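Here's the structure we're looking at; comments come further down.
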Amino acid sequence: MSERGIATPVIVAVLLVIVVAAGIGYFLIARQPGPGGSQGGGPDGGTDEHGEEDNYPEPGEGPITFTCLPLNENDYNEIYPLGSLSPPGHTFPTDHVYFKLTTPWTYPPPYQVKAPADGIITEIYYSQYDWPEGSGHFGKYDDYSITITHTSTFKTKFGHLLELENWVLEQAGTLELGWNPIETPVPVSVGDVVGRLAGAGGVQGDLDMWAIDEKATLNFIHPEKYGTAAHAVCPLDYFEDNLKATLYQKVSRTAEPRGGKIDFDQPGKLVGNWFLENITDPLGEWEKHLVFVYDRDDPTQIRISWGGMLPITVGVYEVEGNSPDPAEVSAENGIIVYRLRGTTNWEGETATILAQVVGNERIKVEAFEGHPSNPTFTSNAKYYTR
């Protein structure tokens, strides 16, 4: 037999040994013991409290069904669906829902955040912020976001946890400020408490929850600019029916889809999300965002919002007369004048926006304080693109 003939089976045998060893290694890591139970623990290392085998998620695709609420039912009094506006950080409609805490001013943080289904913790985002004046605390507080991967294409994420459970921190390893991909899988079972939130000073008044379905792509004209937001779906819709009904009792929006909407873009129309022309970081440069969309709870009402770059107060504004509908504005309509008044958090603010669709993916915009008569474009006009 030639040297080449001998080498081939040897290489195959070596590869098989590597694959088997890797599989055993992953199994041992994934089954490492944790505190167990839904009162604050992780997986219990092979069997649950009833002596049955744990069922960690198989490496499949597609969404799953949530069978556990992320908070106790009395912990929150309202849920905001997708589509909140809160510039500058959330100039675009939000890709996550908010569980508004019943008493966010309490400390130590009493609200336990639970895994809605089996999965593996794959990312933790770690931030620190200054305690606000009057909170009774000094220095900085921790803020965590945690991503749980359920299948190869479906994830959930929780934001603004003040604490992570000790078993999560121990298995995740040392965390740096910013994104921390978790190299060693940290399995979680449905109902496991992964962290806690709320804090003196109301620093964390709500639990943010995302659901990301990579098999679903929203109708943004350029979804590649949006990262995971291009695949954001309403997490409320993935709970089993009885839990879903309970959750939607605390959602004020009655229009369909009740879970909210964030993708309004239409080619050649004014409606939807806009980026200041020549933006270099589409997601990070919030001040360069501009939207012509609709109210989160009452989508019959037009909302215009911007993160900055215009010589008027950043905010969310309603349109006098609620017309014209930006979904009906195209290049044929020429220059549109919107007279604006601030919504709840910006009451007393007034502004005027001139907008003109000048291309399939380009608009010309200029803003003025107050309500000047006969406004016209000047050299201060800016261009926005999709």
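The values are calculated or read from the model by the stated rules, or taken from the named source; none is laboratory data. Since we're looking at a predicted model, the values are computed, not measured. Please note: Cβ atoms are built from the backbone with ideal geometry, for glycine as well, and neighbour counts cover all protein chains shown.
Looking at the range 214-263 only, could you name the residues that are of a type in the set (Lys, Arg) and assigned to a loop (DSSP other than H, G, I, E, B)? Let's see the steps before the verdict.
Within the range 214-263, the subset of a type in the set (Lys, Arg) is 215, 225, 244, 250, 253, 258, 261.
Correct list: LYS215, LYS250, ARG253, ARG258, LYS261.
May I ask you to list the residues in the range 206-220 that are under 19 Å from LEU270 (Cα atoms) and surrounded by fewer than 16 Cβ atoms within 10 Å (Cβ to Cβ)? I'd like the intermediate steps shown before the answer.
Step one: filter the range 206-220 for residues under 19 Å from LEU270 (Cα atoms), giving 218-220.
Passing the criteria: only ASN219.
Keeping to the range 339-365, report how many residues are closer than 23 Å to PRO267 by Cα and under 30 Å from the mean Cα position of the chain (by Cα). Break it down stepwise before answering.
Filtering the range 339-365 down to residues closer than 23 Å to PRO267 by Cα leaves 353-365.
So of that shortlist, the ones also under 30 Å from the mean Cα position of the chain (by Cα) come out as 353, 355, 357, 360-365.
Residues that pass the stated criteria total 9.
All but one of (1) more than 19 Å from ALA232 (Cα to Cα); (2) under 20 Å from the mean Cα position of the chain (by Cα); (3) in contact (Cβ under 8 Å) with a residue 40 or more places away in the chain hold for LYS288, so report the exception by its number.
Exception for LYS288: condition (3).
Only one of (1) in contact with a Leu (Cβ under 7 Å, 6 or more places away or on another chain); (2) surrounded by fewer than 21 Cβ atoms within 10 Å (Cβ to Cβ); (3) within 24 Å of GLN112 (Cα to Cα) is not met by PHE239, so which one is it?
Going through (1) in contact with a Leu (Cβ under 7 Å, 6 or more places away or on another chain); (2) surrounded by fewer than 21 Cβ atoms within 10 Å (Cβ to Cβ); (3) within 24 Å of GLN112 (Cα to Cα) one by one, PHE239 breaks only (2).
Out of all the residues in the range 117-145, which are over 20 Å from the mean Cα position of the chain (by Cα) and not acidic (Asp, Glu)?
TRP131, PRO132, GLY134, SER135, GLY136, HIS137, PHE138, GLY139, LYS140, TYR141
For the subset of the range 304-346 comprising residues that are touching an Asp or Glu at 6+ places or on another chain (Cβ under 9 Å), in a loop (DSSP other than H, G, I, E, B) and not hydrophobic (A, V, I, L, M, F, W, C), which member is farthest from TYR294 (Cα to Cα)?
Result: PRO311.
If you go through the range 107-125, how many residues are under 20 Å from GLN204 (Cβ atoms) and among the polar types (S, T, N, Q)?
The first filter runs over the range 107-125 and keeps only residues under 20 Å from GLN204 (Cβ atoms), leaving 107-116, 121, 123-125.
Next, only the ones that are among the polar types (S, T, N, Q) stay: 112.
The total comes to 1.
Matching residues to (1) among the aliphatic types (A, V, I, L, M); (2) at pLDDT below 95; (3) buried (at least 17 other Cβ atoms within 10 Å of the Cβ); (4) in contact with a helix residue (DSSP H, G or I) (Cβ under 7 Å, 6 or more places away or on another chain):
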position	(1), (2), (3), (4)
SER305	no, no, yes, no
VAL316	yes, no, yes, yes
THR344	no, yes, no, no
LEU354	yes, no, yes, no
VAL358	yes, no, no, yes
ALA367	yes, no, yes, no
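Does the range 167-178 contain any residue that is under 17 Å from the mean Cα position of the chain (by Cα), surrounded by fewer than 22 Cβ atoms within 10 Å (Cβ to Cβ) and either assigned by TED's automatic domain parsing to the domain that holds LEU243 or under 19 Å from PRO109 (Cβ atoms) (or both)?
From the range 167-178, those under 17 Å from the mean Cα position of the chain (by Cα) are 178; that's our starting set.
Among the residues that remain, those that are also surrounded by fewer than 22 Cβ atoms within 10 Å (Cβ to Cβ) are: 178.
Restricting the remaining residues to those that are either assigned by TED's automatic domain parsing to the domain that holds LEU243 or under 19 Å from PRO109 (Cβ atoms) (or both) gives 178.
Looking for residues that are under 17 Å from the mean Cα position of the chain (by Cα), surrounded by fewer than 22 Cβ atoms within 10 Å (Cβ to Cβ) and either assigned by TED's automatic domain parsing to the domain that holds LEU243 or under 19 Å from PRO109 (Cβ atoms) (or both), one finds at least one in the range 167-178, hence yes.
Being in contact with a strand residue (DSSP E or B) (Cβ under 7 Å, 6 or more places away or on another chain), of a type in the set (Gly, Ala, Ser) and farther than 30 Å from GLY60 by Cβ narrows it down to one of GLY205, GLY136, so name that one.
Working: GLY136 fails: in contact with a strand residue (DSSP E or B) (Cβ under 7 Å, 6 or more places away or on another chain).
The conditions single out GLY205.
Per-residue answers, yes or no, for (1) in contact with a helix residue (DSSP H, G or I) (Cβ under 7 Å, 6 or more places away or on another chain); (2) surrounded by fewer than 21 Cβ atoms within 10 Å (Cβ to Cβ):
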{"position": "PRO187", "(1), (2)": "yes, no"}
{"position": "VAL194", "(1), (2)": "yes, no"}
{"position": "ALA200", "(1), (2)": "no, yes"}
{"position": "GLN204", "(1), (2)": "no, no"}
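Just one of GLY284, GLY272 is touching an Asp or Glu at 6+ places or on another chain (Cβ under 9 Å) and either at pLDDT 95 or above or among the small types (Gly, Ala, Ser) (or both); which is it? If you could, list the steps in order and put the result at the bottom.
Working: GLY284 fails: touching an Asp or Glu at 6+ places or on another chain (Cβ under 9 Å).
Answer to the selection: GLY272.
Quick test for you: out of GLU285, GLU277, GLU224, pick the one residue that is within 24 Å of THR147 (Cβ to Cβ) and in the same structural domain as LEU354 (by TED's automatic domain parsing).
Working: GLU277 fails: within 24 Å of THR147 (Cβ to Cβ); GLU224 fails: in the same structural domain as LEU354 (by TED's automatic domain parsing).
Only one candidate qualifies: GLU285.
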